[in-house]
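Engineer: What follows is a structure written as structure tokens; I'll ask about it next.
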Amino acid sequence: MGEFKVHRVRFFDYMPSGIRALAFNQDTERMAVARMDGSVEVFHCSDRFFQEKIIPGREQCGIEGLSWVGERLFSAGLNGGITEYDLTNQKVKYTIDAYGGPIWTITGNQQGTHLAVGCEDGTVKLFEVNEDQIQFERNLDRQKSRIISLSWHPSGSKIAAGMMDMIQVFNVETGHSIHRMLADRGAGTSRSKECVVWSVVYLSDGTIITGDSVGMVKLWDDQTGTLIKSHNVTKCDVLALSVSQNEDSLVAGTSEGIVVQFQFVSMVLEKDDKEWVRTRTFRNHTHDIRAVAEITTAVVSGGMDAQLVVRPLLDKIEVRSAASALRKIHFPHRRLVSCARKSGLMLFQYPGHLELWRLGESEGKGTPGSSLFVKRNPEKLLQLKVKGEDHIRCSAVSPCGGWIVYSTASTLRLYRLHCDNNNISITKISKLPKVLSSANQLCFSSDSSHLFSASAQSSVHIASLSQSGCKFVGTLKPKSGSHQAIHLLAASEDGKWLASANSDHEVHIYNLQTQKAHCTVPVYSSAVTAMGIHPATNCLFMMHADQQMFEYSIEQKQYTDWSRTVQRKGLHRFWVERDTPCLNVMFNPQNPSHVILHDMYMLCIIDQSLPLPDDKTQFYNQLTLKSLTEEQRKSQSHAFKVCKTFKDILCVELMPDQSLVVVERPLEDIATQLPAPIKQKKFAT
Amino acid sequence: MVETSDIRVVRCGGSKVNLTPPIISNDSRFVLCASGDLVKVYSTRTEEWLHSLQGHTNQVTGITLNPANHLQVYSCSVDGTVKLWDFIDGILIKTFVIGCPLFAIYVSEKHEGVLFLHVSMATDSKNECFQLVSVHLPKSAEQEVEAKEMSAVSSHISKNPSCTAFGRGVRVHFFFFYFSLKATDKKGAKNAFTCIACHPTDDCIATGHEDGKIRLWRNFIHKKEYTYSTQHWHHNAVNTLCFTPEGTHLLSGGIESVLVQWQYGADNRKEFLPRLGGSILHISASSDGQLFCTSHSDNKITVIESSFKVCGVIQGLVKGDAVLTDLMIDPRSKALVLNGKPGHLQFYSLLRDKHLYNLDIVQQEYIYEAGLDQFEVVKAAFDIKGSWLATVEERGKKSSDLEFFLKLWAFDERTQSFVLNTTITAAHTDRIISMCFSSSEETTMLVTAAEDSQFKAWCQGADDQNFWSCDFVGSYHKLNPTNCSFSADSSLLAVSFQEVITIWSPDTWEMLTTLCQPPGVIRDLCFGRLSCSKYLLGTTTKNLLCCWNLLTCELEWSTSVDVSKLQPDPFSENVAAFSYQSKHTDLFVFKPSEPRPLFTNKNVCSEKVHRAVFVPREEPLNSCDESTQWLNRSQLYFLTQNMDLLTFSTATEEDRMLSSSKQLVIDDSVAVTPFYLLLGKHRQQQQKLNTQSHPVADKPQQPQGSVTIKELLHTPAHVLPAASVLCSMFVNSFLISNTGEMDSEKEEEDSEEEMEACDSQQELRAQGSVDEVTPKLSKAQERELKRVRKTDFSWMAGLIDSKP
């Protein structure tokens, strides 16, 4: 595997933002997640929950609700506006004001014709969903208190609204209230506190299920407006409810961090009188669960602890596999760190600012596993605050360390970095070409002479950089295919090739010398999570969300023999069963057969010269190999060498001096920075 | 060779009542539980033992109400039979012979005439393998039927009967049992099943788990889409689960001895009934849901109202894991005394088979948790009059820091209980090994021997200070004492120091002599009584039983036998010796003066016997047979290592018991009518009369005659047949007694098998209508009638006069 000097970087204080809302689209199998900082992410549920799209948020834009209408995604927040997102280009399409004060909830009907929002002023506003925009249609009867939660009857003719201390059922046709159902306040001292109906679900058989701040899940009959049954789930609040597609299962998320499942089962076998019965309990969160969603085979929940938990329902799964394992998503599936390899600079991307650090230096040599004496401490060179309200979408530092670029949804800024001894100064390049107004992904060429900026329509703009400034060179456009936004760019070491990957899983290769599209890699069913062009052979190495790997020879326009062997023999079970995607592909110039990969939990070196492991061989064999003699080692070793020394890895980068930079963000550190959870009595404490 | 056929070892009194779940009868009046070879019937209101269903010849392992007739009960036993009883009258209705040991019984309303039984499949005891079989009961009028029509339902089931339950018609069996074991392997979680219960109306199964969780399973007929919910309150394994008959609540219990009531459907609403005593082993509910019964590990059944109030406690003999104190007899109440509830001494009446009371010795709260080192009563001794009680409590058996107290209790005449008089905190510097009171009437003295190689004599102080203090400290060559004993007249004290016995005079505290018979450390020590009081008996660890003559200070005789317990009878010269060799225990009863044993019983039981006691009889037997003579004045009870309390019973005794129990049966079947009360008053009067006229022998009253009279008196007038019929019958009952007179004396030795065979028929007849009384009588009846002949009938005149 080789020995590396490792910079263990733990000064990137990345804080993921808490999850506020979830919306599941059954048809496209996409899960939209809204976070506290206003960002919206789209996960592909059947592609191992890969984070396909990220739409960064803005300052002061708290999203309260998310809703899919067809394939369109809408959100509403406390700023009183309804926002539609342009998912193709991963940006906000438009925002219109609902004029009802802060919006607490938004929900679309199943027919896809209308959106209903619940406002602070007590109105339920109906919006008609048109081809290109939404249009205010009318208000339902105005109520005295704010509307916290809404749910459409699947037929679209009725709406149930959860409010303070009560639930109202509206007829959509007339706009009048049909029933008013009062929710009980808690006993004792909490009697004076209002009961907030945090969540409401309207079933097709006319049952209304509510979750409230008293900790009850209540079932109501909409014919008579009476309570059928109530389940006391918790002492705290029931914050979120979600029902499965076929309405036989319901999950409730509580502020204790517990997800409780209810199932609609017949009490007497083989008879039809069914009842909602509390069944399983899932404890995967430490903090409030703000959103739950029951998808076909799993329960997805998210909350204040900022992790997205996918808990599979084993009774719904046909075959147990890696795709159906419990999954916890902590970090974005994008790189937040870029590294100036030649000058030892690290650029950390936070939502609202950038930080530039110089790596420390150590002296002497140590034995493997020992820590070296630090000669020079790492140093924070600069903090760059974003102008405007938008959050940063992407950023990059040039390999030479002379340029910094970042882009928000509206602007792109390029800075020239002067770094002589201890004096750091940056100058903003003022006159940027007009095409470089905003970018989905940014990348510098390896000699730092060019900037590649991925923008709309899957195109890549090239700008040449010089002392004087920035000059637009040309635009690379794919020959055909989709116009989804590009999320990955990879430039070759020799400056000849550029590869781009978009969310439709297409990988296009461009010849930079001719500025023409060179070829397109055959489209694979799973998204590309990381790719890199080999400096010596100019082969494109791609990692996919389902953990498959491909090597594509750019010059020959075909998969390499090694790649074909991998596909023929198949990957080891343990490799395929990992649950986080690979986020970076690197090559070791000293040893051209080595490919270095990493995901959140491990660092792996693939030695392409060694045989591939089959399912019978021991996959994690480092320790065994250590105990063997040199000759036995040869027969035992295989291509995958996995290092699990590091945990919670955000980024790994190989420096020219054969040292590795490992950026870790321990989850315990994140947990300590979270607000305190609800205090619970634990037995025997 | 002594004939042993008419003396047999029986389980008599003090058996476990917590082996099987108790049953509450449909009218909530009776609680039934299996206890040894019997099924005992208790009243729920008075907690009184009413009568028992006698007939099985081995441990009863399961009882269940007959679903077709709620006044009948099935019981199954290790002896391989299922018996159907009328439990109100205590009549055996039918016996079904299955032929192999049975371990549990289940019935289902949906399967009429079918019993489900646990049988053991394996021939060797090592890999116990149990099978659930269904048995079709053949329809036959005969008393004893062989039921051979078995079909296996499921095999490889758990030994624990609480792991099987019946659902709503569908039979539920751990379909999950297997995969639970798999789950255990995988995560190391202790989620093995411990018990199971089925909801009476819904298809819901509740299971208890080793880690204290309760899971409610639904949709379980589907292979994958089953679902369950988990509830967790118990911190240790759930021992038992029970749904109430309406299915509104689920009751659970475990080692915490807290009864938890879960509301079905609203899972986190629960009620608790804490501090019930020992850990809960079984819960059962009455069919109307008004009463619950829990049985506890301390041999107790608690009757609980549905409002969660304890309304009755049926306490059996508490035996725990080990009896640390000796078995003793309280000289006043003649009750058996041993340590029962943790930190308590229990007083148990063997005659009435009833727990009398607990005496709190330690006076500290006992914490029911495994692994705690808490005070236990380890020694106790009564003085000869029963006015003083000495106890030793101890803590720190395993650890080095031993802590113990010697306490002296005085009997308070006013409160009729023992009151703490003196607590001695550091009586010795090491553990007290032996303790005895002097047996003289005038002065009471306590001698304690401890491992600090000293023995101490304790006396009560002068009149003004009536607490106890140390009177004398003795030692012998720094040897550790092993035992101490007073002679019958308290003139001598024998203390054994390892291999040497020292004889002291308690008056002058002068060592009179030493006796020694090496090799082997002296284990037991006792003086002879009455005519044999010149002898001193001792046993050694080297399998020697020695007898010294104290007048000559010489060894009278010795024999090589490994005696595990030497027990003198305080009312006769006899001494009982239990000897353990080659995996069974033999009993020898002998007089110290005679080398030939009076009675020998080979293979009394298969375990070692360490505790035994002679219990004085209320009235002596007057058996002349040489082999049974030693049982005339007292009865020998002994405790095996399995904590079975066994005793010896003679044939004559059994006859008597049988007849008395029959009378009990009749008493209880009588409804409490105003007329009954009137009669009851009279009967009490006549009983008083009886006891006055016959102070010695309280012979049972002529059962046949009294039945007739009672039938006559208790049947409502409008149902009674013509007076002429009654009259002839009434007179008839006396006539038969005359025929019985002719029988010779040898009928006395009727074998017991015959007795049992006709027993049930007899009872049937006794209960049957009047005209069923036929003049033809069995031998047993004739014998009873013979006894009737001897008794006084003068009371009868008064009785007939009082008839309205």
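Engineer: Considering only residues of region B:171-195 that are touching a helix residue (DSSP H, G or I) at 6+ places or on another chain (Cβ under 6 Å) and in a strand (DSSP E or B), which is modelled with the highest pLDDT?
Structural biologist: It comes out as B:195.
Engineer: If I go through region B:540-579 residue by residue, how many of them are in contact (Cβ under 8 Å) with a residue 60 or more places away in the chain and of a type in the set (S, T, N, Q)?
Structural biologist: 2
Engineer: Looking at region A:277-291, is at least one residue farther than 27 Å from residue A:679 by Cα, within 12 Å of chain B (Cβ to nearest Cβ) and touching a residue at least 24 places away in the same chain (Cβ under 8 Å)?
Structural biologist: Within region A:277-291 (the criterion being farther than 27 Å from residue A:679 by Cα, within 12 Å of chain B (Cβ to nearest Cβ) and touching a residue at least 24 places away in the same chain (Cβ under 8 Å)), the answer is no, since none of the residues qualifies.
Engineer: I'm trying to understand the selection: among the residues of region A:662-685, which are more than 14 Å from every other protein chain (Cβ to nearest Cβ), assigned to a loop (DSSP other than H, G, I, E, B) and surrounded by 10 or more Cβ atoms within 10 Å (Cβ to Cβ)?
Structural biologist: Scanning region A:662-685 gives A:665, A:666, A:674, A:677, A:678.
Engineer: Next question, about the same structure. Could you tell me whether region A:633-646 includes any residue that is within 24 Å of the chain's Cα centre (by Cα) and exposed (fewer than 14 other Cβ atoms within 10 Å of the Cβ)?
Structural biologist: Yes, region A:633-646 has at least one match.
Residue-wise test of (1) over 24 Å from the mean Cα position of the chain (by Cα); (2) farther than 24 Å from residue B:218 by Cβ; (3) part of a loop (DSSP other than H, G, I, E, B).
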position	(1), (2), (3)
B:261	yes, no, no
B:271	yes, no, no
B:294	no, yes, no
B:303	no, yes, no
B:307	yes, yes, yes
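Engineer: Within region B:230-249, count every residue that is away from chain A (no Cβ under 14 Å) and assigned to a strand (DSSP E or B).
Structural biologist: Qualifying residue count for the region: 6.
Engineer: Still on this structure, please answer the following. Count, please, the residues in region B:259-289 that happen to be within 14 Å of chain A (Cβ to nearest Cβ) and not aromatic (Phe, Trp, Tyr).
Structural biologist: Count: 7.
Engineer: Would you please name the residue that is farthest from the chain's Cα centre (by Cα), looking only at residues in region A:224-239 that are within 30 Å of residue A:31 (Cβ to Cβ), away from every other protein chain (no Cβ under 12 Å) and part of a strand (DSSP E or B)?
Structural biologist: A:238
Engineer: Next question. Please go through (1) assigned to a loop (DSSP other than H, G, I, E, B); (2) under 22 Å from the mean Cα position of the chain (by Cα); (3) aliphatic (A, V, I, L, M) for residue B:621 and return the number of the only condition it doesn't satisfy.
Structural biologist: In the conditions (1) assigned to a loop (DSSP other than H, G, I, E, B); (2) under 22 Å from the mean Cα position of the chain (by Cα); (3) aliphatic (A, V, I, L, M), residue B:621 misses (2) alone.
Engineer: I need the full set of residues from region A:663-685 which are in contact with a Leu (Cβ under 9 Å, 6 or more places away or on another chain) and among the aliphatic types (A, V, I, L, M), in order please.
Structural biologist: A:663, the sole residue that qualifies.
Engineer: Let me ask another. So which of B:568, B:506, B:518, B:481 is under 21 Å from residue B:433 (Cβ atoms) and at pLDDT below 85?
Structural biologist: None of the other options fit; the residue is B:518.
Engineer: When the residues of region B:211-233 are filtered to those that are modelled with pLDDT of 85 or more and among the β-branched types (Val, Ile, Thr), which remaining residue is nearest to residue A:280 (Cα to Cα)?
Structural biologist: B:230
Engineer: Output the number of residues of region A:346-371 satisfying the condition of being in contact with an Asp or Glu (Cβ under 7 Å, 6 or more places away or on another chain) and over 29 Å from residue A:57 (Cβ atoms).
Structural biologist: 2
Engineer: Same structure again: Where in region B:55-170 are the strands (runs of 3 or more DSSP E), entirely inside, with at least 3 residues that are modelled with pLDDT of 80 or more and out of contact with any Pro (no Cβ under 7 Å at 6 or more places or on another chain)?
Structural biologist: Here the list reads B:60-66, B:69-77, B:81-86, B:91-97, B:102-108, B:111-120, B:130-136.
Engineer: In region B:192-201, what residues are within 14 Å of chain A (Cβ to nearest Cβ), without any contact (Cβ under 8 Å) to a residue 60 or more places away in the chain and either buried (at least 19 other Cβ atoms within 10 Å of the Cβ) or among the hydroxyl-bearing types (Ser, Thr, Tyr) (or both)?
Structural biologist: The answer is B:198, B:201.
Engineer: Still on this structure, please answer the following. Would you confirm whether any residue within region B:206-218 is closer than 24 Å to residue B:26 by Cβ and either within 14 Å of chain A (Cβ to nearest Cβ) or in contact with a helix residue (DSSP H, G or I) (Cβ under 6 Å, 6 or more places away or on another chain) (or both)?
Structural biologist: Scanning region B:206-218, I find at least one residue that is closer than 24 Å to residue B:26 by Cβ and either within 14 Å of chain A (Cβ to nearest Cβ) or in contact with a helix residue (DSSP H, G or I) (Cβ under 6 Å, 6 or more places away or on another chain) (or both), so the answer is yes.
Engineer: For residue A:266, all conditions in the list (1) away from every other protein chain (no Cβ under 14 Å); (2) of a type in the set (Gly, Ala, Ser); (3) within 28 Å of residue A:230 (Cβ to Cβ) hold save one; what is the number of the exception?
Structural biologist: Just one mismatch for residue A:266, condition (1).
Engineer: So which residues in region B:558-595 are assigned to a loop (DSSP other than H, G, I, E, B) and either acidic (Asp, Glu) or surrounded by fewer than 19 Cβ atoms within 10 Å (Cβ to Cβ) (or both)?
Structural biologist: The answer is B:561, B:562, B:569, B:570, B:571, B:573, B:582, B:583, B:593, B:594, B:595.
Engineer: Residues of region A:411-431 being closer than 23 Å to residue A:477 by Cβ and touching a strand residue (DSSP E or B) at 6+ places or on another chain (Cβ under 6 Å), which ones?
Structural biologist: Of everything in region A:411-431, just one residue is closer than 23 Å to residue A:477 by Cβ and touching a strand residue (DSSP E or B) at 6+ places or on another chain (Cβ under 6 Å), namely A:414.
The values are calculated or read from the model by the stated rules, or taken from the named source; none is laboratory data. Bear in mind that the values here come from a model prediction, so they are computed numbers and not experimental data. Virtual Cβ from ideal backbone geometry, glycine too; neighbours counted across all protein chains shown.
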